[in-house]
Amino acid sequence: MPALAEDDPELAAALAKCPGAAQFRQHHPHEDAPPEQEAAPPTDPALRKQLLDMVAPDQQARDAVNAAGWSRESVEAMSRVDAANLPRIKRIVEAHAGLPLPSEVGQDGVDAAWLLVQHADADPAFQAQVLDQVQSRVGHGGLRGQDFILLTDRVLTNQGKPQRYGSQLIARDGKWVPKPLEDPAQVDARRAAVGQMPLADYLCVARQMFQPPAQQ
């Protein structure tokens, strides 16, 4: 589930139907808020623009998938966007030995780069490499705890391993459920350790906001 702005109307509507999630956010208002933007302008505005230009079709394709109920055509179109973006984000990561910094591309540029890596499912080794590179930046350097758990779980599931935080979902019987979990009894403790809401509340919000495929 992507991070959303505090004033996003879709998020507000979902929270209204998920009392536990709403209560959590009331007591943790910065759970999904990015670190503060650098006061100075980005030092590499051309790269920032490139990242934003790459992530725009990425998000449009995912909006289309959700609107179309995961039709084959919309999923294939999304896969084509991901395939086009993959070599470009790999070159950027290689040039920077990881994700660019907020000082270089602004917070929105870091967010765009992270999303492009998150969606690079065709190259799990690349995702794992980036995860290793960014772990020391969680909580600063433009990366949220939510970013960390989403990429951690993505890497694990793409390697065929159980996820740790329950962020990666699959449609079953018409609703989203977590993919296999490592030690499910401890998942909420692991989520709390990185400032995330309990899994049941996360699932409630996801089920309100994102349309699952008709069949899986």
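The values are calculated or read from the model by the stated rules, or taken from the named source; none is laboratory data. Model, not experiment: these values are computed from the prediction. Cβ placement follows ideal geometry from the backbone for every residue including glycine, while neighbour counts extend to all protein chains displayed.
Points to keep in mind about this one:
- The number of residues in the range 151-168 being in contact (Cβ under 8 Å) with a residue 60 or more places away in the chain and surrounded by fewer than 22 Cβ atoms within 10 Å (Cβ to Cβ) comes to 0.
- All of (1) outside any helix (DSSP H, G or I); (2) farther than 21 Å from Gln127 by Cβ hold for Ala77 with one exception: (1).
- Residues in the range 111-137 that are more than 20 Å from Val81 (Cβ to Cβ) and not small (Gly, Ala, Ser): Gln129, Leu131, Asp132, Gln133, Val134, Gln135, Arg137.
Listed here are the residues, each with its yes/no results for (1) in a loop (DSSP other than H, G, I, E, B); (2) at pLDDT 95 or above.
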position	(1), (2)
Gln107	no, no
Val117	no, yes
Ala120	yes, yes
Gln146	no, no
Thr152	no, yes
Leu156	no, yes
Arg190	no, yes
Val205	no, no
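- Being surrounded by fewer than 20 Cβ atoms within 10 Å (Cβ to Cβ) and of a type in the set (Phe, Trp, Tyr) is a condition met by at least one residue of the range 126-137.
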